[in-house]
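Working notes for the structure below.
The values are calculated or read from the model by the stated rules, or taken from the named source; none is laboratory data. The model shown is predicted, which means the values in this text are computed figures rather than measured ones. Every residue, glycine among them, receives a Cβ derived from its backbone with ideal geometry; neighbour counts consider all protein chains shown.
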Amino acid sequence: MNTSWQSSSKWYNRLVGDQGHYYHEHIILPNVLKLLNLNLNSKILDIGCGQGILAKKINPQISYVGIDLAKSLIEVAQKSNKNPNHKFLKLDATKPLNGFNSEFTHAVAILSLQNMENLDSVIKNVANVLKEDGKFILVLNHPAFRIPRQSGWGIAENKIQYRYVNNYMSDLKIPIQMHPGEKSSEITWSFHHPISYYFKLLKQYGFLVEDLQEWVSDKKSEEGKVSKMENHARAEIPLFMTLVAIKK
Ligand SMILES: C[S@@+](CC[C@H](N)C(=O)[O-])C[C@H]1O[C@@H](n2cnc3c(N)ncnc32)[C@H](O)[C@@H]1O
């Protein structure tokens, strides 16, 4: 199946812009840059790079390759970034990444793995192009709390805002209507796996997970009874889960 964001590329490019969308800018990109800890000898592969937001945030002297299945997003990235150290290629991360040896010191997937159908092949392909001791950073919508159509907020009788989660252990393939309520019928796909599945595949392809981080929203609702409850829930239920895996 085609999991490319080609048909949503205009909307997505506008959403991300030059600085990233809200969570990119405030949480994901600053944390990813810290975890990457790049230096001038680094060579980084960005898997499902979208319109190339990460490339704009790294030292321009560092070698960067971004791959994505959506041709139009790759074209936007190429047009807006003429740095000769940066390459953007239309490639399917689930297919063998021919043309690359074990040459990358870093690989990163920012909110893209859950949009790819065959996670097993993606992890295998990344393992094949990373150097020994290379670092792979996987940024995910938290699989334990944010499963599209299977999780959400509720308010209990005792006025606790809680998170409900259904079907956590099952592998799921979930269609996402990109603009609910509008006529447009753009659909993307989301693939859910329990956290243990990520660890299983990383282990299978020779990675050692050295860190797991959980990032919460930094948004705050205005003063008041309801907002106190919302702010508490935001601070206690993470949005993102990030794994740092080292190729052995
Ligand atoms: C949520 S977007 C994230 C893009 C980017 N990392 C960012 O943070 O803005 C997910 C991306 O994964 C890409 N994608 C989906 N399946 C893919 C595949 N098999 N190979 C490469 N990219 C894929 C989509 O085209 C889309 O651009």
Considering only residues that are among the charged types (D, E, K, R), outside any helix (DSSP H, G or I) and more than 10 Å from the ligand (Cβ to nearest atom), which ones fall in segment 62-89? LYS82, LYS87
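Looking at ILE28, is it crowded, with 23+ Cβ neighbours inside 10 Å and closer than 20 Å to HIS142 by Cβ?
No: the conditions fail for ILE28.
Of the residues GLU157, GLU182, only one is out of contact with any strand residue (DSSP E or B) (no Cβ under 8 Å at 6 or more places or on another chain) and under 23 Å from ILE237 (Cβ atoms); which?
GLU157
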Which residue pairs have Cβ atoms closer than 7 Å, lie 6 or more positions apart in sequence or on different chains, and pair a first residue in segment 7-31 that is over 25 Å from SER185 (Cα atoms) and at pLDDT 95 or above with a second residue that is among the charged types (D, E, K, R) and surrounded by fewer than 14 Cβ atoms within 10 Å (Cβ to Cβ)? HIS26/ASP218; ILE27/ASP218
Please determine, by comparing only the residues of segment 1-46 that are of a type in the set (Val, Ile, Thr) and part of a helix (DSSP H, G or I), which one is nearest to the ligand (Cβ to nearest atom). VAL16
Which ones in segment 97-130 are more than 12 Å from the ligand (Cβ to nearest atom), surrounded by fewer than 19 Cβ atoms within 10 Å (Cβ to Cβ) and not small (Gly, Ala, Ser)? ASN98, PHE100, ASN101, GLU103, ASP120, LYS124, ASN128
Can you report the number of residues in segment 113-150 which are under 17 Å from GLN204 (Cα atoms), out of contact with any helix residue (DSSP H, G or I) (no Cβ under 7 Å at 6 or more places or on another chain) and not in a strand (DSSP E or B)? 8
Cβ pairs under 9 Å, 6+ apart, first in segment 110-125 and free of Cβ contacts under 8 Å to residues at least 60 places away in the same chain, second more than 6 Å from the ligand (Cβ to nearest atom) and outside any loop (DSSP other than H, G, I, E, B): ASN118/PHE191; ASN125/ILE47
Anything in segment 75-104 that is farther than 16 Å from ALA55 by Cβ and touching a residue at least 12 places away in the same chain (Cβ under 8 Å)? List them, or say none. ASP92, ALA93, THR94, LYS95, PRO96, LEU97, PHE100, ASN101, SER102, GLU103
So which of ARG149, ARG163 is in contact with a Leu (Cβ under 9 Å, 6 or more places away or on another chain) and basic (Lys, Arg)? ARG149
Can you pull out the residues in segment 173-216 that are in a strand (DSSP E or B), surrounded by 16 or more Cβ atoms within 10 Å (Cβ to Cβ) and under 18 Å from the mean Cα position of the chain (by Cα)? THR188, TRP189, SER190, PHE191, HIS192, TRP215
